[in-house]
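Working notes, beginning with the structure itself.
Nothing in this text is a laboratory measurement; each read-out follows from the coordinates by a stated rule. Because the structure is predicted, anything quoted here is derived from the model rather than measured. Quick reminder, even Gly has a Cβ in these numbers, built from the backbone with ideal geometry, and neighbours come from all protein chains shown.
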Amino acid sequence: MFGYYAQLGLRSLRRNPVLTALMVMAIGFGVAASMITYAVFRAISGDPMPWKSAQLFVPQVDNWGPQSHGPDNEPPDMLGYVDATALMNAHAAQRQVATYPISFPVQPADAAVTPFSVDGYATYADFFGMFEVPFRYGSGWSAADDQRHADSVVISSRLNDELFGGANSVGREIRLDDRSYRIVGVMQHWDPHPRFYDVANDNAFAAAADFYLPFTRAIDLKTETNGHSNCNGHAGIGWDGMLRGQCTWISLWVELPDAAALQNYRSFLQGYAAEQQRSGRFPWAPNIRLRNLTQWLDHEQVVPQESKVALLLGLGFLAVCLINTVGLLLAKFMRRASEIGVRRALGAARREIYLQFLVEAGAVGCAGGVLGLLLTGIGVLGVGLVFEPDIARLARLDLSLVGLTLLVAIGATLVAAFYPTWRAARVQPAWQLKAG
Amino acid sequence: MNMPIRPILSALGHHKAGAVLIVLQIALTLAIVCNALFIISQRIEHVARPTGIDEAEILVVANEWIGKPPAERIDALMTTDLAILRQLPGVADAYASNATPLGGNGRAMGLNYTPDQVNATTRATVYFADEHALATLGVKLVAGRNFRADEIGRVTAHDALAPPAIIVSRELAAKMFPNASALGKQVYMYTTPSTIVGVVEKLQGSFVGGFADEWSERSLLVPHRLDAPNGYYVVRVRPGQLDAVAAMVAKALYAANGKRVIERVSGVQRFSEIRSTAYARDIGMAILMGVISVVLLAITAAGIVGLTSFWVGQRRRQIGVRRALGATRNDILGYFLTENLLISLGGVVLGVLLAISLNLWMVTHEEMARLSLAYLSIGVLTLLLLGQGAVLAPALRASRVSPVEATRSV
């Protein structure tokens with residue numbers, strides 16, 4: 001029976017090519033608009049480490065005081081050097097890393113290649129274990145390297161390809177800003193997005209970083225942050241002021257595997273802030289925050305407004321296209337009232353009419369889905385015209401998006417077909433036969 | 001045209017479902033198109049803000065010295081570079097700075113009237129400059145004077161910024177001293193005062209993000225050279241020399257000293273490139289909204305054509321009867337146009353409500369501005385005209401139904 005209905009459906013679709021084309025186009029455009037905006041939204045709003053995000057926390061300590069904040073009394077979103085190193089040295093969490101973005105010129109061994117700049121991070125040994133960084137060669141450096149301010153460096157596979165042709169470069173030297181560093185590890189491609197550990201510097205969607213070296217060493221070299229440094233009042237004169245003053249430019253992350261650890265760390269942090277108040281360093285009541293990864297991304301408003309509005313409008317677009325389809329299907333089905341009347345008079349049950357018309361609608365949905373897929377593909381390619389390159393590079397047409405596109409197209413068409421089909425099935429055979 | 005509305009309404013009662021669908025479609029389309037138009041206009045307004053500089057003749061070179069030379073060395077290197085730049089054929093003038101308008105990075109400082117003020121009066125973008133800056137940028141001095149060569153000092157990245165003289169944008173002058181001339185007045189960045197010696201007509205800040213909107217036109221120039229490993233050379237070319245200078249400038253600097261990085265792709269930028277990078281998001285959003293609106297209007301029009309055609313087909317016999325009873329072609333045409341107008345009116349009323357709710361949602365959740373009435377009116381008019389346009393073809397077809405149809409069975 002199904003095959004017969006499919007045949008009937010195709011014949012009917014061919015009979016009104018314009019109406020059919022209109023429906024297919026409406027569904028195609030509607031699905032494509034929502035899928036393209038969804039692809040972008042999905043790419044940037046996800047949890048970069050869903051298996052671990054509930055165990056990674058960002059401690060904040062207020063080093064500016066209540067008169068510097070709005071009514072929510074929100075502390076700065078980064079830490080100053082004094083607080084960051086104090087919290088690092090306390091080792092109150094299972095793992096902790098202080099991080100800030102840096103940029104260095106690379107001087108390739110081949111003097112014919114002009115030096116170029118690369119972006120990286122100054123961080124601690126725990127970074128690689130805490131964020132589960134995959135390595136192609138070697139590994140991260142050790143806590144002892146942090147202690148002795150070692151010239152160790154971890155590089156990205158991209159930089160390794162460019163400088164060493166992809167060979168195992170562990171143990172070799174790399175010249176960064178006129179100094180030699182020893183390569184201890186080469187990462188596999190690692191580019192979590194959003195780049196949760198550096199959203200405070202608006203680097204959530206920047207291209208993957210190329211090198212990582214010990215924080216302690218970067219500070220010895222008076223390496224400036226390549227991100228924001230927010231200073232309050234008259235602090236921060238000279239490099240020493242940058243370290244001792246109240247400029248905030250360092251992100252701290254701690255790993256707290258369970259509720260007990262979280263509880264302990266929270267009271268530790270509270271105690272730390274209280275201690276600063278007692279010592280007179282911060283003459284205000286302790287004001288701390290401890291957000292986990294997803295709360296942090298939410299707080300920092302990582303998903304840009306553009307993307308949310310675009311998704312909303314994309315869905316609205318799909319809704320209009322569906323209403324349009326309902327209308328066109330209604331017109332199409334009701335035009336065949338007499339045919340339905342004849343079929344019903346010849347003994348077809350309502351169920352059969354339902355089936356016949358849903359199959360026909362399904363065919364329209366399939367065609368709309370294919371068109372939608374095509375348009376989504378074009379749209380994802382062209383998404384760079386509309387969104388920033390950093391974000392556009394993340395949106396891609398993968399198998400799950402293909403599946404979702406077809407599913408949404410067919411599902412939506414069947415939903416849209418429900419009312420017209422119900423109307424068709426209610427056709428009174430006697431009335432139609434008389435009128436015919 | 002004098003059309004009796006009551007029979008049209010009662011006829012509409014016979015195909016409620018179709019009419020409701022068109023009403024819904026028009027309402028949703030109106031809500032989306034109004035808001036999209038509004039977003040487009042806001043973005044365009046944002047992008048259209050002038051920088052105050054002669055954008056067409058400006059090149060920006062991003063330079064980084066390798067190996068952290070000491071400040072004195074950097075200063076000497078920069079002096080050499082600037083001499084080379086100013087002598088290049090095609091170059092009119094040049095200066096060194098930490099940032100450019102729309103450049104996206106730079107320094108913002110709070111300005112105070114007194115050294116112990118707790119909350120700054122306003123934030124302002126700080127540009128390092130020398131006596132060549134005004135001529136290079138092409139900004140217009142409206143009061144006071146330019147910096148003198150003997151005023152230009154040297155600072156390093158973390159020095160307290162306390163220049164004896166500063167030049168401010170008119171916008172900043174008006175914010176700090178709304179009731180008097182700012183010239184000769186003192187402001188504080190740290191604990192030592194700076195005297196305003198000049199006011200320029202307009203000089204936009206380097207940040208384009210929403211956080212900087214309030215103070216985006218408030219900028220100041222300090223007579224200092226920043227001896228830091230990273231910096232920019234702002235180069236003004238003679239008319240028509242932009243491409244020629246862009247092609248050779250990096251080479252000329254490398255020839256003087258190779259221990260530096262000027263990135264191949266982004267190291268030398270025409271100001272137009274800086275502008276398009278800065279506003280990529282705004283332009284992109286405007287394009288997206290434009291495409292969505294156009295396609296949506298097309299689909300809504302197609303939907304109206306489809307349903308009206310169906311109604312015309314369904315009612316051929318009734319139309320024939322009306323024609324046989326004396327109705328003119330214009331009566332039939334008017335009937336369908338009026339019917340569509342009634343449906344569309346229902347749609348736009350609902351649509352206006354939807355548009356306002358959608359906007360209010362975005363105002364509370366996405367920090368958008370309130371939709372202005374102008375966009376609602378444009379949207380309403382567009383959809384009413386769209387409806388009439390879409391219904392015209394099927395209505396004309398209906399008007400050509402011959403009275404003979406009355407005698408035929410369907």
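With a cut-off of 15 Å, note down the residues of the stretch A:343-383 whose backbone N falls inside the zone around a label point 7 Å from the Cα of A:Arg11 toward its beta carbon.
A:343-344, A:356-357, A:360
Compute the relative contact order of chain A as a whole-number percentage, counting only Cα pairs closer than 8 Å that sit 6 or more residues apart in sequence.
Across chain A, relative contact order equals 28 percent.
Expressed as a rounded percentage, what relative contact order does the stretch A:314-436 have, with Cα pairs under 8 Å and six or more residues apart?
Once normalised by length, the contact order is 51 percent.
Name all residues of the stretch B:265-282 having a backbone nitrogen under 17 Å from the label point set 7 Å from the Cα of B:Val47 along its Cα→Cβ direction, giving them as ranges.
B:271-282
Looking at the protein assembly as shown, send over the antiparallel percent of its DSSP beta bridges, to the nearest 5.
75
Using θ = phi - 60° and the Karplus curve 6.51 cos²θ - 1.76 cosθ + 1.60, what whole-Hz ³J(HN,Hα) does each residue of the stretch A:286-295 get, with Gly and Pro shown as x?
Each residue's phi maps through the Karplus curve to give x, 9, 10, 9, 9, 9, 7, 3, 5, 5 Hz.
Mind listing the phi-derived Karplus ³J(HN,Hα) values for the stretch A:28-39, rounded to whole Hz, using 6.51, -1.76 and 1.60 with θ = phi - 60°, and x for any glycine or proline?
x, 5, x, 5, 5, 4, 6, 5, 5, 5, 5, 4
Could you work out the local net charge near A:Arg335, counting Lys and Arg as +1, Asp and Glu as -1, over the other residues with Cβ closer than 13 Å to its Cβ?
+4
If we count other beta carbons within 10 Å of each Cβ, what is the order of B:Trp311, B:Trp361, A:Trp51, fewest first?
Fewest-to-most Cβ neighbours within 10 Å comes out as A:Trp51, B:Trp361, B:Trp311.
Angle between the Cα long axis of helix A:305-334 and the longest principal axis of chain A, 0 to 90 degrees, nearest 10?
Here the helix axis deviates by roughly 10 degrees.
Taking 0.36 nm per intervening residue step and subtracting the Cα-Cα distance, what contour gain separates B:Val142 from B:Thr156 on full extension?
2.0 nm
Can you compute the FRET efficiency between A:His299 and B:Val118 using 1/(1 + (r/R0)^6), with r the Cβ-Cβ distance and R0 = 30 Å? Round to the nearest 0.05.
My answer for the efficiency is 0.70.
Which order results if A:Cys366, B:Cys34, A:Cys231 are arranged by neighbouring Cβ count within 10 Å, fewest first?
Fewest-to-most ranking of A:Cys366, B:Cys34, A:Cys231: A:Cys366, A:Cys231, B:Cys34.
At 15 Å minimum axial length over the Cα atoms and a Kyte-Doolittle cut of 0.0, report the qualifying DSSP H helices in chain B, or say none.
B:16-47, B:71-87, B:242-256, B:280-314, B:329-366, B:373-399
Within chain B, what's the longest stretch lacking trypsin sites (Lys or Arg not before Pro) that sit in DSSP loops with no more than 16 other Cβ atoms inside 10 Å?
The reported range is B:1-139.
Read phi for every residue in the stretch A:100-107 and hand back ³J(HN,Hα) as whole Hz from Karplus 6.51 cos²θ - 1.76 cosθ + 1.60, θ = phi - 60°, with x for Gly and Pro.
Values, residue by residue: 8, x, 9, 9, 10, x, 9, 10 Hz.
Where does the charge balance sit around B:Asn112 when Lys and Arg score +1, Asp and Glu -1, over other residues with C-beta under 15 Å from its C-beta?
Combined, the nearby Lys, Arg, Asp and Glu give +3.
Quick one: helix A:2-15 against the long Cα principal axis of chain A, what's the angle to the nearest 10°, folded into 0 to 90?
90
Restricting to DSSP loop positions (anything but H, G, I, E, B) with no more than 16 other Cβ atoms inside 10 Å of their own Cβ, which chymotrypsin sites (Phe, Trp or Tyr not before Pro) remain in the stretch A:282-347?
A:Trp284
How large is the helix-only mean residue ellipticity at 222 nm for chain B, computed as the sum of -39500 (n - 2.57) over DSSP H runs with n ≥ 4, divided by its residue count, in deg cm²/dmol to the nearest 500?
Computed ellipticity for chain B at 222 nm equals -16500 deg cm²/dmol.
Quick one: net charge of A:Glu74's neighbours, Cβ under 15 Å, K/R +1, D/E -1?
In short, -3.
Express as a percent, rounded to the nearest 5, the fraction of DSSP beta bridges in the stretch B:67-258 (both residues included) that run antiparallel.
Expressed as a percentage, antiparallel bridges in the stretch B:67-258 total about 60.
At 0.36 nm per residue, minus the direct Cα-Cα distance, what do A:Asp240 and A:Leu374 gain on full extension? Give it in nm, one decimal, please.
Computed gain between A:Asp240 and A:Leu374 is 42.4 nm.
Any idea what the relative contact order of the stretch A:63-255 is, in percent, if you count C-alpha pairs under 8 Å spaced at least 6 apart?
32
If you find the alpha carbon centre of the stretch A:195-209 and of the stretch A:271-333, how far apart are they in angstrom?
One Cα centre to the other: 17 Å.
Give the aspartates and glutamates whose C-alpha is closer than 20 Å to that of B:Lys175, dropping any in the same chain fewer than 8 places away, or say none.
Candidates past the 8-residue exclusion: B:Asp116, B:Glu201, B:Asp213, B:Glu214, B:Glu217.
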